[in-house]
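Just so you know, all these numbers are worked out from the coordinates, no wet-lab data involved. In this text, all values refer to a predicted model and were calculated from it rather than measured experimentally. Don't worry about glycine lacking a Cβ; one is built from the backbone with ideal geometry, like all the others, and counts go over all protein chains shown.
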Amino acid sequence: MRDWPPRGGRMRKSRFTEEQIVSILGETDREAVPVAAKRHGVSEQTIYTWKKRFGSFQPDDVRRLKKLVAERDLEIEVMKEIAKKMVSVPARREQVAYAVRRGLSQRA
């Protein structure tokens, strides 16, 4: 029986980036799925799974989404830093000013 998840606890990394997947899906809009699947060395089922996940995306949407996720992760890290150091109102104001200087909104 196979061990799940794979050793090391991480999933296998895809051969294709999200942008590449979206462009392959664009090809399937212009030609048959089996043709595109064979050209890229993936199964038809993989194409359909990708369509389910990335169906309405354009390559620019994927880039924008990655950027938003990175910004969110940065905001979370900054807020964790702030929470550790927060003691008084002046200290909080200083931390908010620090976050704003790093390009985050005051509402974060």
Which ³J(HN,Hα) values, rounded to whole Hz and listed in residue order, are derived for the range 97-103 from phi using the Karplus coefficients 6.51, -1.76 and 1.60 in 6.51 cos²θ - 1.76 cosθ + 1.60 with θ = phi - 60°, glycine and proline given as x? 4, 4, 5, 5, 4, 7, x
In nm, give the distance between the simple-model label positions of TYR98 and ASP61, each being 7 Å from the Cα along the Cα-to-Cβ direction. 3.9
Residue separation between LEU68 and THR46 times 0.36 nm, minus their alpha-carbon distance, gives in nm 5.3 nm
Dipole magnitude of the range 12-57 about its Cα centre (Cβ charges: Lys, Arg +1; Asp, Glu -1), debye to nearest 20: 240
Ranked by Cβ crowding within 10 angstrom, fewest neighbours first, how are ARG39, ARG30 ordered? ARG30, ARG39
Based on the alpha carbons, how large is the Rg to Rh ratio for the range 35-96 when Rh follows Kirkwood? 1.37
